[in-house]
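Structure record follows, encoded as structure tokens.
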2 protein chains.
Amino acid sequence: MAANSSSTAEQDINPWSVAGARDESGNIAQIDYVSLAQKWNTQLIGQDLLDRFEKVTGHKPHRWLRRGLFFSHRDFDKILTKKEKGEPFFLYTGRGPSTGSLHLGHTIPLSFTKWLQDVLDVPLVFMLTDDEKALFKDSLTFEETMQYAMDNAKDIIALGFDVKKTFIYSDLKYVSSHFLMNAWEFGKLVTFNQVRGAFGFNESTNIGRLFFPSVQCVAAFATSYPELWAEEPQKNRSQPIADIACLIPMGIDQDPYFRLLRENSHRMRFPSPKPALIHSKFLTALQGPGGKMSSSEPNSAIFMTDTAKQIKTKINKYAFSGGQVTIEDHRRLGGNPDVDVAYTYLTYFEEDDAKLAEIYTKYKSGELLTGELKAMAIKALQDNVQEFQEKRKLVTDEVLEQFMTPRRLYFAEKTLPIR
Amino acid sequence: MAANSSSTAEQDINPWSVAGARDESGNIAQIDYVSLAQKWNTQLIGQDLLDRFEKVTGHKPHRWLRRGLFFSHRDFDKILTKKEKGEPFFLYTGRGPSTGSLHLGHTIPLSFTKWLQDVLDVPLVFMLTDDEKALFKDSLTFEETMQYAMDNAKDIIALGFDVKKTFIYSDLKYVSSHFLMNAWEFGKLVTFNQVRGAFGFNESTNIGRLFFPSVQCVAAFATSYPELWAEEPQKNRSQPIADIACLIPMGIDQDPYFRLLRENSHRMRFPSPKPALIHSKFLTALQGPGGKMSSSEPNSAIFMTDTAKQIKTKINKYAFSGGQVTIEDHRRLGGNPDVDVAYTYLTYFEEDDAKLAEIYTKYKSGELLTGELKAMAIKALQDNVQEFQEKRKLVTDEVLEQFMTPRRLYFAEKTLPIR
């Protein structure tokens, strides 16, 4: 994001960086998610799908679905059909571990996944891509990123996942023959040309990076790991549970990996159905549109270790405001909630749609001042972070070990078919 | 080897196929090892080096060294210096597993490695590249090649390796964090351009093949695996035994892998010295020069499961002869031992140099007939194969398990420094 540059640029979204479009003056625009969905040929989530979700699950769609934070999908409707028919499926998601604690932007897709786990009542395979992190960052060693994975896993567990239904693993630490064989088998199906097309790799890209997509894709074949799924312990991947689909909640930037997966999953020796995907937008950085919260820019993010006071200071000092410069102007002209970071954060945590609509209207009319809006956002964030910190204290080494031990996962459908 | 083609071709040696040069009539020439050594810039093994070997080790060089079957090297002299100084080093070799039993062409470099293990008194890490085999052969699955690896391992053990000093592993079955981390770290140092240059890969090559060289190279860093080398069990690759060199005996076709290794080993986080290499020629196929024994062409090879009768039949029926068509012509014109397969095989197994020279002279003069020469070769092969078969019977599942269990390997230098 070279704000000083005078050249324009289109928005650039890939698994390793996110930047909004730039105009001639170097201004960064908001991410245009609709054009991204068109470009990548994903389906936007509309009211029809949300209505169907409620009908099938009996649960009101999560506020992040209602408000379009999860805005796009591939074959999510097919997963609902499976749920309707009582057919088994599972969730797969992951995270590239970072040093220190998670920030709010990390927790949103993960909390959403936890909610899906509860509402859909299905197992979850959670991949910590410590290998990817070190491959794509020259200064990091694999030992360091594996340690980050262990630390991050405790934060992830604190978000409330159900241990009976959740296996969390580090790519570097959890090594099994089945895992490796699936990664190789998938890697045998995918050429340099394909990963160049999907990720923008080139001839100078290292072979670790070139191969890594195999590893990221491979958890979608987790039903072929006897240690997790088989009825009886098996020596080989001889008889995976057939036709078990997979739903992957993710940030939209990860879509290139899973396009590759969807294009090739039927070519595996034990073909698996195309995994379904559900895509989130990025949690806006404190500085406003055009980027995402980043661990490497501390003032861009609220961290889950921040104190109430730090949160207050960050929002008051750094949160980009859609309000006017003076109170008089604000009362007269009104604020712009659509670009206001405090308002955006409120949309993530205020459950009550009517209350949120009222805040929107009052801020737009100038009745609600920036300071008042920020105070509401601060309270919401402080509550969320404090609740997290309390849960986090309970995540001991023993709890971590439980989540990270390969073991047969619980399938509700096996014991209680859903009509 | 399209013998019907009328176009000429240079000899083509790579890790996956070997073909001699072809002239306009489609005739395949013998492999030109001297020009190969020049092209790849390896050092030919001369009498000086052999003399030094004898002086340092106190052992007469193996007949396969004396007769130039092991003909080329990189830094083998530096290994002799280490031996002289009593500095530790280890052997690394491997094999791409194949279905069924080993053939004679497989056993020669392995028997030579066993002899080096005895004479140099050093540990050996033995890699079974079952992953490579399935990556480079579309019709094979990883389950199949892993099974081949287990079967081949028993044959390998029957060649006489010392269990105290030998760890044999399958890439697919032996999975450890340290192993993976080294493979990723090495893969991070090597680009697509580099593997394209080394192996002739292109943009349509699959990403499994592109990454595999990392895995093949990684055993050279085995001193950083605490399960094999550390004084005390360690959790991380934090303190490998420094400056332990590695000597890799191999077929010359594998040199591209280890060139890559030598170009990059010093760039690892725990830099390792450039591994030393010692290269063998290929054991000539029964049909004669221009190819090598191949498991997929049963009549090209003597298998270690062949009966005495089968060996006799194969040599009599298929072994390319340098003799004349009639006895009269043979007596008058003499035979050509240099292209005679029976004679070539005798050079592999007849220990007595004087006796071999006599056979050479008598065959060339016509005094020794083709049938007589073949009978000698048959006897030598039958003895060798029978001895193998007797040892092979002793390799039980328990013995296999012993060799394949990661454990601390024995270093003579630790207990008994050599002057």
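Only helices (runs of 4 or more DSSP H) whose full extent lies in the stretch B:336-419 are considered here, and the ones with at least 3 residues that are surrounded by fewer than 17 Cβ atoms within 10 Å (Cβ to Cβ) are B:353-365, B:370-392, B:397-404, B:412-415. On inspection, A:Gly160 fails the criterion of being over 19 Å from the mean Cα position of the chain (by Cα) and either open to solvent by less than 10 Å² (accessible area, probe 1.4 Å) or more than 7 Å from chain B (Cβ to nearest Cβ) (or both).
Every condition in (1) open to solvent by less than 30 Å² (accessible area, probe 1.4 Å); (2) in contact (Cβ under 8 Å) with a residue 60 or more places away in the chain; (3) within 12 Å of another protein chain (Cβ to nearest Cβ) is met by B:Leu120 except one, and the failing one is (3). The test for being surrounded by 18 or more Cβ atoms within 10 Å (Cβ to Cβ), at pLDDT 95 or above and either within 23 Å of A:Phe71 (Cα to Cα) or within 22 Å of the chain's Cα centre (by Cα) (or both) holds for A:Ala276.
Among the residues of the stretch B:290-312, those that are open to solvent by less than 70 Å² (accessible area, probe 1.4 Å) and in contact with a Ser or Thr (Cβ under 9 Å, 6 or more places away or on another chain) comprise B:Gly290, B:Gly291, B:Met293, B:Ser294, B:Ser295, B:Ser300, B:Ala301, B:Phe303, B:Met304, B:Asp306. Restricting A:Phe211, A:Phe186, A:Phe167 to those that are within 27 Å of B:Lys173 (Cβ to Cβ), at pLDDT 95 or above and touching a Cys at 6+ places or on another chain (Cβ under 8 Å) reduces the list to A:Phe186. Summed over the stretch B:273-316, the residues that are free of Cβ contacts under 8 Å to residues at least 12 places away in the same chain and not in a loop (DSSP other than H, G, I, E, B) give a count of 4. When B:Leu44, B:Leu49 are checked against the criterion of being open to solvent by less than 30 Å² (accessible area, probe 1.4 Å) and at pLDDT 95 or above, a single residue qualifies: B:Leu49.
B:Phe90 satisfies every condition listed in (1) within 12 Å of chain A (Cβ to nearest Cβ); (2) within 24 Å of B:Arg407 (Cα to Cα) except (1). Scan the stretch A:17-25 and tell me whether some residue there is outside the structural domain of A:Glu132 (by the TED database), assigned to a loop (DSSP other than H, G, I, E, B) and in contact with a strand residue (DSSP E or B) (Cβ under 6 Å, 6 or more places away or on another chain). Checked the stretch A:17-25: at least one residue is outside the structural domain of A:Glu132 (by the TED database), assigned to a loop (DSSP other than H, G, I, E, B) and in contact with a strand residue (DSSP E or B) (Cβ under 6 Å, 6 or more places away or on another chain). Taken as a whole, the condition of being touching a residue at least 24 places away in the same chain (Cβ under 8 Å), surrounded by 20 or more Cβ atoms within 10 Å (Cβ to Cβ) and under 13 Å from the mean Cα position of the chain (by Cα) applies to A:Pro109.
Results for (1) within 10 Å of chain B (Cβ to nearest Cβ); (2) crowded, with 20+ Cβ neighbours inside 10 Å; (3) touching a Phe, Trp or Tyr at 6+ places or on another chain (Cβ under 8 Å), shown as yes or no for each residue.
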{"residue": "A:Phe142", "(1), (2), (3)": "yes, yes, yes"}
{"residue": "A:Asp151", "(1), (2), (3)": "no, no, no"}
{"residue": "A:Tyr169", "(1), (2), (3)": "no, yes, yes"}
{"residue": "A:Leu172", "(1), (2), (3)": "yes, yes, yes"}
{"residue": "A:Phe179", "(1), (2), (3)": "yes, yes, yes"}
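Evaluation of A:Glu132 against the conditions (1) more than 10 Å from every other protein chain (Cβ to nearest Cβ); (2) out of contact with any Leu (no Cβ under 9 Å at 6 or more places or on another chain); (3) modelled with pLDDT of 95 or more shows that the sole unmet condition is (1).
Scoring B:Thr93 on the criteria (1) under 30 Å from A:Leu189 (Cα atoms); (2) in a loop (DSSP other than H, G, I, E, B); (3) open to solvent by less than 20 Å² (accessible area, probe 1.4 Å) leaves a single failure, condition (2). Scanning the stretch A:145-164 for residues that are part of a helix (DSSP H, G or I) and either of a type in the set (D, E, K, R) or touching a Pro at 6+ places or on another chain (Cβ under 7 Å) (or both) gives A:Thr145, A:Tyr148, A:Ala149, A:Asp151, A:Asn152, A:Lys154, A:Asp155, A:Lys164.
Matching residues to (1) open to solvent by 20 Å² or more (accessible area, probe 1.4 Å); (2) more than 8 Å from chain A (Cβ to nearest Cβ); (3) among the charged types (D, E, K, R):
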site: B:Ser176; (1), (2), (3): no, no, no
site: B:Glu185; (1), (2), (3): yes, no, yes
site: B:Lys188; (1), (2), (3): yes, no, yes
site: B:Asn202; (1), (2), (3): yes, no, no
site: B:Leu210; (1), (2), (3): no, no, no
site: B:Gln216; (1), (2), (3): no, yes, no
site: B:Ala222; (1), (2), (3): no, yes, no
site: B:Pro226; (1), (2), (3): no, yes, no
site: B:Trp229; (1), (2), (3): no, yes, no
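The values are calculated or read from the model by the stated rules, or taken from the named source; none is laboratory data. All figures in this text were calculated on a predicted structure; none of them were measured in a lab. Every residue, glycine among them, receives a Cβ derived from its backbone with ideal geometry; neighbour counts consider all protein chains shown. Please note that ligands, DNA and RNA were not included when accessible areas were found on the heavy atoms of the full protein model with its side chains. Shrake-Rupley method; radii C 1.70, N 1.55, O 1.52, S 1.80 Å.
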